[in-house]
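The values are calculated or read from the model by the stated rules, or taken from the named source; none is laboratory data. What you are looking at is a predicted structure, and each value in this text was computed from that prediction instead of being measured. Glycine gets a Cβ as well: all are built from the backbone with ideal geometry, and neighbour counts include every protein chain shown. Please note that ligands, DNA and RNA were not included when accessible areas were found on the heavy atoms of the full protein model with its side chains. Shrake-Rupley method; radii C 1.70, N 1.55, O 1.52, S 1.80 Å.
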Amino acid sequence: MVLSVLSEQPARTLQMSTLAARTAASLSRLSHVVGRLEKRALITRTRIPGPGRRTNATLTEAGYEVVVAAAPGHVAAVREYLIDELDPQELATLRRIGAAVDTAVKREQADAGSAPPPPPKAAGTHDTHGRTAD
């Protein structure tokens, strides 16, 4: 999740506190995860100049390659185990649930002072990882 979230950000970078919010992780837990990813050269951390203990996490090129390589298998698994198992009415319900969750996440991010992620792409379109939006 950490790699995926970073892969969709400008410059593939987020402040650790924002990344924690977007991955629903505590800063402590995220720090451990990012530490392991750093050891594998998938992420780098850099201190943000100025007051406080603020740090950015940046996805490396090797980390981005891991995300791109995993995307087709992830999409195939979601389709096989979820989408293909639902009838049209269930899919419509899932879309409504997804919209409600998306609204709640954006509201939480706005309350936390972080910018929301870009809006989802139109159904049937592909993102930079080969995933479809529908």
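Here is how the numbers come out for the structure above:
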quantity	calculated
Test result for ALA110, under 24 Å from SER7 (Cβ atoms), open to solvent by 50 Å² or more (accessible area, probe 1.4 Å), at pLDDT below 90 and aliphatic (A, V, I, L, M)	yes
Residue ID - modelled with the lowest pLDDT, chosen from residues in the range 49-99 that are assigned to a loop (DSSP other than H, G, I, E, B) and of a type in the set (Lys, Arg)	ARG53
Scope the range 79-89; condition open to solvent by 60 Å² or more (accessible area, probe 1.4 Å) and closer than 21 Å to SER4 by Cα; matching residues	ARG79, GLU80, TYR81, LEU82
Members of the range 39-61 that are of a type in the set (Gly, Ala, Ser), loosely packed, with under 12 Cβ neighbours inside 10 Å and under 19 Å from the mean Cα position of the chain (by Cα)	ALA41
Residue check for GLY35: in a loop (DSSP other than H, G, I, E, B), under 21 Å from ALA21 (Cβ atoms) and open to solvent by less than 60 Å² (accessible area, probe 1.4 Å)	no
Which listed residue, of ALA24, ALA11, ALA71, is small (Gly, Ala, Ser) and surrounded by 12 or more Cβ atoms within 10 Å (Cβ to Cβ)	ALA71
Checking LEU30 against (1) open to solvent by 30 Å² or more (accessible area, probe 1.4 Å); (2) not in a loop (DSSP other than H, G, I, E, B), the condition it does not meet	(1)
